[in-house]
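Novice: Have a look at this one before I ask anything.
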Amino acid sequence: MKNRILLILALGAAVACSKPQPQPFSVIPMPADVTLSEGLFPVKGAPVRMDSGIDEASAAYIDTFLRQLETVTGKTLPEGDGGFRFLVNPNLATEQYAINVNDKGVSVEASALNGFVYAVETLKQMLPAEVYGTAKARADWVLPYVSILDQPRFGYRGMHLDPSRHFWSIDEVKRYIDVMTAYKLNRFHWHLTDDQGWRMEVKKYPRLTEVSAWRDGTVIKKDWDSSDGIRYGGFYTQDEMREVVAYAAARGITVIPEIDLPGHMVAVLAAYPELGCTGGPYEVWQRWGVAEDVLCAGNEDVYIFLEDVLEELIDIFPSEYIHIGGDECPKDRWAACPKCQAKIKALKLKDHGNISKEQELQCYVTARIQAFLNGRGRRIIGWDEILEGDLAEGATVMSWRGVDGGIEASKRGFDAIMTPNGYVYFDYYQGLERDKEPFGIGGYLPIEKVYGYEPFEGIDPEAQDHILGVQANLWTEYIATPEHLEYMLLPRMCALSEVQWCEPENKDFDRFNASLDHTFRMLDVMGYTYCLDIRGKVGLDRIPARTEDDLKVYMETKDWQW
Ligand code: ACM
Ligand code: ZN
C-alpha cells in the first residue's frame, strides 16, 4: 500500500513539469482505493449529465459544486455528454462512491447523499485550492485520469463543539460544519448545556434563556477567584437549531445534541433553584471545573423538567442518538439531601463493591431518561461514567477518560464511541512552547499523536464491532474567539479524519504530512485559521492580527492573550 501511495505522489510530481498540470494527489482522508493513470481531463466548460434518478438533496449538493466550478473557471458547464456524469449506483453502500476519470470524461457514482458528498469533496481536493473560493482562477484546470473506489472505515465520524463555556454564533457553527464536510465527517456533537451557560431555547421554561444563558463574568485564566465582571452568554432559538440541523443534513451530517445531566447543571439551578438539593441560591458559574451542585435526583419535579426539555429537544433534532451527558456528577449533595436519601431508600439502593448507593442513584436517573427516550424511538449516548454501576441494554458509551471506557463497554456488550482525551481532546496544546501559543487548558496533543491513534487498540477482537467510531472533542473554557477555535481544530481534525476514514494499512504519516501543504492552501482560500506547529511555526503568529481596538477589547476581556 505504501508503495502504491509513493507511486501516486511520484506521478503527481512527474506530471508537474508538463502543462497543464494536475494537482499532486493529496486528498485527505486518503481514499481506500486509488489508481492513477496517464492522461488529463480538462475541467473548464466540460459538459454535465445528471442521472434523473438522483435524489433532490444529492442533486442540490452536486449543483452547488458545479456552479462553484463555473464561478472559478469563468465558463458555463453546459448539459451534455463526454464530461461529468453523475450516476446512481444502487450497488454502492450509503457512504461509498466511485470516481473514474478517463478519455470518456468524469463519472461519479454513489447510491445516496453521503456518497455523492464525499465524491464531490474528493474531486474538489483534486483541483487547485482556488476551487474553494469565489475569485476567478486560471482556467486550465485538469483532473488526472484516475479510478477511485472509496468508503469509510467507521460509520461514526464525529466532531464535538462546546458552545456553553464560550458561545458560537449560528454562522460560526455552520463554518465548523463546512470544514467537517471537507474532511468527510458525519456527526456533529453539540454540547448545548453546561454550568456556565444553557444554550437551547425551551418554550416551556423561558428562564433557561432569560437567566441560565447568561453569566455575570468569566474567570481570568486559572485565577479561580477572579472574574472579568463582563456579562457573557447567548442561546440558540429553536428555529436556529432547526436551521443548523438542515444545514448539516444537506452535507450528510447528523447533529447529536447533548443535554448534560444530572451534573453540569448549575446554569439551570440559577434559574430554577428548587431543582437543586439545597435550594440555592445559585448563580450561573463563572469559573471552570466540576461543580458540587447538581440536579436533585430525589425530586420528581426534576424528571418532569428533564422530560419536558427532552420532548422539545427531540422535536428539533431528528437524530436517533441523543447525548445525555452523565460525566462528572459529584455525589456530595445527594449524600446530604433528605429527598435524595428518601429516593435511595424507596428504590432499595445499596452500596456494593466500590459502587455507592448514590452512584446507583445516578444509574437510576440514566435508566429513567433512557427509558423515556427509548419510548420515543431514540437511543442514548452517555460519557463513560454511565458504566459505573448498572446500565440498561442499548446505551452507547462515549469513552473520554482514555480508552478504558471503550474497552469495558465493548466487553460488556455496549456500543462505544472513542473520544479518548489523550488522543482527541483538541483543547490541549499543539506545541511544546506554551508561551508561544494562546493560553490553554494544558495537555499536549501534537498532530502526530492524533494521527497515530488506533481505535481498536486494547479492544477484544470479538468486541470490535461495538466500536462505532471516533470523535474529537473541543471544549472551549479557554477558547473565546472563532480564530482561536479554528486554530485548535485545524489541522488536527484532518489527522482525525484519517483515523476515522482510513483502514490502518492505508495510513501513512509522511504521505499525510506532504498532503497537508494542499490542505493549508485550501484553508487559506476558505479563510480558516490553523496551527502550523508541524511546519515549525508555532502559535500566536498564526492568529491574524486585529485592529488596535479589537486587540484592546480582547486583551481586557478575554481569558487568553494574543
Ligand atoms: C468530559 O470531558 N468531561 C466529558
Ligand atoms: Zn437531592
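Novice: Between Y303 and D33, what is the spin-label point distance in nm, taking each point 7 Å from the Cα along the Cα→C-beta axis?
Specialist: Distance between the two pseudo-spin positions: 5.3 nm.
Novice: Report the one residue of A59, S356, G233 whose Cα lies farthest in the direction of the positive end of the charge dipole of the chain (charges on C-beta: Lys and Arg +1, Asp and Glu -1; origin at the Cα centre).
Specialist: A59
Novice: Given the pairs K204/K348; K222/K436; K449/K537; K75/K174; K124/K174; K343/K411, which span a C-alpha to C-alpha distance of over 26 angstrom in this model?
Specialist: Those over the limit are K204/K348; K75/K174; K343/K411.
Novice: OK, next. Between D81 and E503, what is the spin-label point distance in nm, taking each point 7 Å from the Cα along the Cα→C-beta axis?
Specialist: A separation of 3.6 nm, rounded to one decimal place.
Novice: Another one. Which of rounded, prolate, oblate describes the stretch 383-517, given a ≥ b ≥ c as roots of the alpha-carbon gyration tensor eigenvalues and a/c under 1.5 marking rounded, otherwise prolate only if a/b is larger than b/c?
Specialist: oblate
Novice: Now for a separate question. How big is Rg to Rh over the stretch 36-99, alpha-carbon atoms, Rh as the Kirkwood inverse-mean-distance radius?
Specialist: A ratio of 0.98.
Novice: Roughly what angle does helix 170-182 make with the longest principal axis of the chain, taking Cα atoms, 0 to 90 degrees, to the nearest 10?
Specialist: 50 degrees
Novice: Take the Cα atoms of the chain, find their three principal axes, and give me the spread along each one in whole Å, biggest first.
Specialist: Projected onto its principal axes, the Cα set of the chain covers 79, 55, 41 Å.
Novice: Taking R0 as 22 Å, what's the FRET efficiency between D223 and K436 from their Cβ-Cβ distance, rounded to 0.05?
Specialist: For D223 and K436, the calculated efficiency is 0.55.
Novice: Count the DSSP beta bridges whose two residues both fall in the chain, then state the antiparallel fraction as a percent rounded to the nearest 5.
Specialist: Antiparallel bridges make up about 40 percent of those DSSP assigns within the chain.
Novice: Separate question: Take I441, I220 and order them by how many other Cβ atoms sit within 10 Å, fewest up front.
Specialist: By the 10 Å Cβ count, ascending, the order reads I441, I220.
Novice: Arrange the following residues from fewest to most other Cβ atoms within 10 Å of their Cβ: D327, D150.
Specialist: In order of increasing Cβ crowding within 10 Å: D327, D150.
Novice: Still on this structure, I have one more. Ranked highest first by average number of other Cβ atoms within 10 Å, how do 328-341, 486-499, 409-422 line up?
Specialist: Averaged packing, sorted descending, gives the order 486-499, 409-422, 328-341.
Novice: If R0 is 35 Å, what FRET efficiency do you get for V290 and D524 from their C-beta distance, rounded to 0.05?
Specialist: 0.35
Novice: Can I ask one more? When only Cα pairs under 8 Å and 6 or more residues apart are kept, what is the percent relative contact order across the chain?
Specialist: 14 percent
Novice: I need H191, H352 ordered by Cβ neighbour count within 10 Å, fewest first.
Specialist: Neighbour counts put them in this order, fewest first: H352, H191.
Novice: Could you please state, rounded to a whole Å, how far the C-alpha centre of the stretch 448-513 is from the C-alpha centre of the stretch 239-261?
Specialist: Each part's Cα centre sits 21 Å from the other's.
Novice: Show me the chymotrypsin sites (Phe, Trp or Tyr not before Pro) within the stretch 344-383 that DSSP assigns to loop and that have at most 11 other Cβ atoms within 10 Å of their Cβ.
Specialist: Passing sites in the stretch 344-383 do not exist.
Novice: Once you order the gyration tensor axes a ≥ b ≥ c over the Cα atoms, which shape class does the stretch 24-133 get: rounded for a/c under 1.5, otherwise prolate or oblate by comparing a/b with b/c?
Specialist: Rounded, because the longest to shortest axis ratio a/c is under 1.5.
None of the figures in this text is laboratory data; all of them are computed from the coordinates on show. Note that the structure is predicted; figures quoted are calculated from it, not measured. We place every Cβ from the backbone using ideal geometry, glycine too, and count neighbours over all the protein chains shown.
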